[in-house]
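Here the structure comes first, spelled out in structure tokens, and everything after it is commentary.
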Amino acid sequence: MLYKSLILPILQLINPEVSHFIAEKFFQFPFNKVINPVSYRSKLDGLQTNVLGIKLDSPIGLAAGYDKNCKVLDQLLELQFGFVTGGTITLQERFGNPRPRLHHVPKEKSIINSLGFPSQGLEKINKKLLENPQNGIFLSVSGINEDEIISCIETLEDKTKVFEVNISSPNTSGLRLFHNPSELSKLVEKIKSVSKNKILVKLPPWLESNKNEYLDLGKIAIMSGADGLVIANSLPVNSEKLAVGKGGKSGRVLTNNTPRMIAEVRSYVGPDPVIVACGGIFDAKDVWNSLAMGADLCQGYTGFIYEGLFYAYNINKGLLRLMKENNIDSIDKIKGKSIL
Ligand SMILES: Cc1cc2nc3c(=O)[nH]c(=O)nc-3n(C[C@H](O)[C@H](O)[C@H](O)COP(=O)(O)O)c2cc1C
């Protein structure tokens, strides 16, 4: 309540990149646990799930892009996320696109960004990450050619059990290389030959009109050895609020599109590959709807910005309530239920 009525409106008066910086400092503050209200809530039980051979405490995760330089992954995990995705990590240090490049639209609970992968680069980020980390630490990597991505994977091999390979940021034109089926297939095969970790490929979102192109990409990724797909990245849009004139839109505007894409991709790739739903997930009902349509996990970014520190906690609480109302005793049994 305090977050939405007081803190969020103040943060929204500030430049979004500055408010992100303040949030990061909050998590880095040595006594953050003492002043973090979520740390006084006991961990919610009953949402455990085993995905990719890994036990996670909840199906809701934090999507890539929030902690690009992996400074506060453990602190974020303590907010009762089942997993958090660090990165996207790139080989070289990058400064991203010119500003303004981040724009909040509170009335539609969305964010438009054209950040273009600002990153401290692999070497610096690698030093911050622990070997054999907790189960819920996933890492997102990307690059504009195969060698860049492979270098990230090889270097970070012991720093996670799950890599998310981002071929879908709308703000980095070089990534379109991997929308070519044979390039994507070569990339995934190469990754599998150098890594024993689980590999998820993150696709761009699609509309009814262009679904075949993206469903085919998803199938090629799986046939080439990927363990699963993240559906999906932000939606490419034009915006005069951004210095470069275009970017990716995230948030509530994506909520209805996500379960539809999940149903389409699940029926296309079959029951086995892991599918992580991403786009407009704000509450327990959104998570339920994507799991019902065939997702194994969900992740959110914009929902966390608008809902605040209790984002994952409230989703977990809501999911337990929905499961009770529907006489379900495990997360896996939501698959195939009707949407709410
Ligand atoms: C400011 C911002 C930065 C992002 N950076 C990344 C990124 O570095 N890598 C990535 O794979 N996705 C990135 N994303 C996309 C999100 O991970 C997510 O796919 C997208 O926002 C849709 O989910 P949402 O509606 O829950 O935000 C970013 C999104 C936002 C809003």
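Read-outs: derived from the displayed coordinates by stated rules, not from any lab. All values derive from a computational prediction rather than experimental measurement. Positions of Cβ are generated from backbone atoms using ideal geometry, with glycine treated the same way; all protein chains shown enter the neighbour counts.
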field: Computed magnitude of the charge dipole of the chain (debye, nearest 20; Cβ of K, R +1, Cβ of D, E -1)
entry: 740
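Test of understanding: what is the full-extension gain from residue 330 to residue 38, defined as 0.36 nm times their sequence separation minus their Cα-Cα distance? Don't jump to the answer; show the numbers that get you there.
Details: separation 292, 0.36 × 292 = 105.12 nm, distance 2.39 nm.
Residue separation times 0.36 nm, minus the Cα-Cα distance, leaves 102.7 nm.
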task: May I ask what percent, to the nearest 5, of DSSP beta bridges between residues of the chain are antiparallel?
output: 35
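List the longest stretch of the chain that has no exposed loop site; here a site is one of the GluC sites (Glu not before Pro) assigned by DSSP to anything other than H, G, I, E or B, with at most 11 other Cβ within 10 Å.
Maximal segment without exposed cleavage sites: 1-130.
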statement: Binned at 5 Å starting from 0, the alpha-carbon pair-distance distribution of region 134-247 in whole percents comes out as 2, 12, 22, 24, 18, 11, 7, 3, 0
field: Candidates 275, 262, 14, ranked by Gaussian network fluctuation over the chain, Cα under 10 Å, top entry
entry: 14
Within straight-line cross-link reach of residue 186, lysines at Cα separation under 22 Å, skipping those fewer than 8 residues along the same chain: 161, 196, 198, 202, 219
query: Given the C-alpha centroids of region 200-261 and region 121-144, what is the distance between them in whole angstrom?
result: 23
statement: A student applying the Cα gyration tensor rule (rounded when a/c is under 1.5; otherwise prolate if a/b is larger than b/c, oblate if not) would label region 197-316 oblate
query: If the cut-off is 21 Å between C-alpha atoms, which lysines fall inside it for residue 43, apart from same-chain ones fewer than 8 positions away?
result: 33, 55, 285, 317, 324
query: Can you pull the semi-axes for the chain, root of five times each eigenvalue of the Cα gyration tensor, sorted largest first, whole Å?
result: 26, 25, 21
query: How high is the relative contact order of region 38-334, in percent, counting Cα pairs under 8 Å that sit 6 or more residues apart?
result: 19
query: Between residue 54 and residue 108, what is the label-to-label distance in nm when each label sits 7 Å out along the Cα-to-Cβ direction?
result: 3.3
task: Pick out which of 281, 111, 35 has the largest mean-square fluctuation in a Gaussian network model of the chain, springs linking Cα atoms closer than 10 Å.
output: 35
